[in-house]
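The values are calculated or read from the model by the stated rules, or taken from the named source; none is laboratory data. No experiment lies behind these values; they were computed from the predicted model shown. All Cβ positions, even for glycine, are placed from backbone atoms using ideal geometry, and neighbour counts span all protein chains on display.
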Amino acid sequence: MKWPVSKGGVRIGLGLFALAVLLLAVLRWWERTYPKNPEIALVIGEPWETMRQRSSARIDPAIPNEIWYTIPKSDARLRFADPQYGFITPLARFFTVSYIKGRVDSVRMSPQIEPLPLDDALKVVLDLQAQWVKAGWEPIHVRDDPPIADTLQWRANLAACESNVSYWSAGQRFQIMLGMACFQDDKHPDETRYLITLALAKPWVDP
């Protein structure tokens, strides 16, 4: 037995189907525009488009044959995707990626959303350094610029707003400069806050 189908029912069915397709498209756009775990995943020296395809955070294409830089379209963490020396940072608001003629050249970032209290900033720095040690990075120039540590002397130096920078090497392939310094945060005028800076590129400092 065949049940009669009214024209009104067909129109309602088609309307619901169109609405479902539209909602699915909106959902996919939202996921692309606002990913749950936005990250820029890169390796120094690789093609820019390879980095863009691997990353969940949006970043503009490179300008052909130019030497320039760009920034992600949202807060994002860095995932250094080298299979041996890889690591991941917290979400960052200041985050620039430079390129030379279509290839990733360097990263400069502050791995935090806002200036942090001393304890929180130390936690970020110590976690990054632990990742680097585990992945085989080695500190260099330790006599003049030793890695940051959670000691009374280091806390005193940081509280006095002394300049603190350390350098890390991944053999002859990559280098990192890590710094931590006082920062005057207008949102917290009565507190000392700290800004972490991280630069990543091919070696530029003599071992």
- Query: What is the one condition in (1) out of contact with any helix residue (DSSP H, G or I) (no Cβ under 8 Å at 6 or more places or on another chain); (2) within 12 Å of Glu39 (Cβ to Cβ); (3) small (Gly, Ala, Ser) that Ala81 does not satisfy?
  - Reply: (1)
- Query: Got at least one residue in segment 200-207 being assigned to a strand (DSSP E or B), in contact with a strand residue (DSSP E or B) (Cβ under 8 Å, 6 or more places away or on another chain) and either within 27 Å of Leu42 (Cα to Cα) or at pLDDT 95 or above (or both)?
  - Reply: yes
- Residues being of a type outside the set (S, T, N, Q), surrounded by 17 or more Cβ atoms within 10 Å (Cβ to Cβ) and assigned to a helix (DSSP H, G or I): count how many of those fall in segment 120-153. 6
- Scan segment 151-199 for residues that are in contact with a strand residue (DSSP E or B) (Cβ under 7 Å, 6 or more places away or on another chain), of a type in the set (A, V, I, L, M, F, W, C) and over 14 Å from Gln129 (Cβ atoms) and report the count. 8
- Query: Taking segment 88-119 only, how many residues are without any contact (Cβ under 8 Å) to a residue 24 or more places away in the chain, surrounded by fewer than 17 Cβ atoms within 10 Å (Cβ to Cβ) and outside any loop (DSSP other than H, G, I, E, B)?
  - Reply: 2
- Do we find that Ala121 is at pLDDT 95 or above and under 30 Å from His188 (Cα atoms) in this structure? yes
- Message: For Asn157, only one of the following conditions fails: (1) in a helix (DSSP H, G or I); (2) polar (S, T, N, Q); (3) modelled with pLDDT of 95 or more. What is its number?
- Response: (3)
- Qualifying position, being acidic (Asp, Glu) and under 20 Å from Ala76 (Cα atoms), among Asp150, Asp144, Asp120: Asp120
- Message: Testing Ala159 on (1) of a type outside the set (S, T, N, Q); (2) within 23 Å of Thr89 (Cβ to Cβ); (3) surrounded by 12 or more Cβ atoms within 10 Å (Cβ to Cβ), one condition comes back false. Which one is that?
- Response: (2)
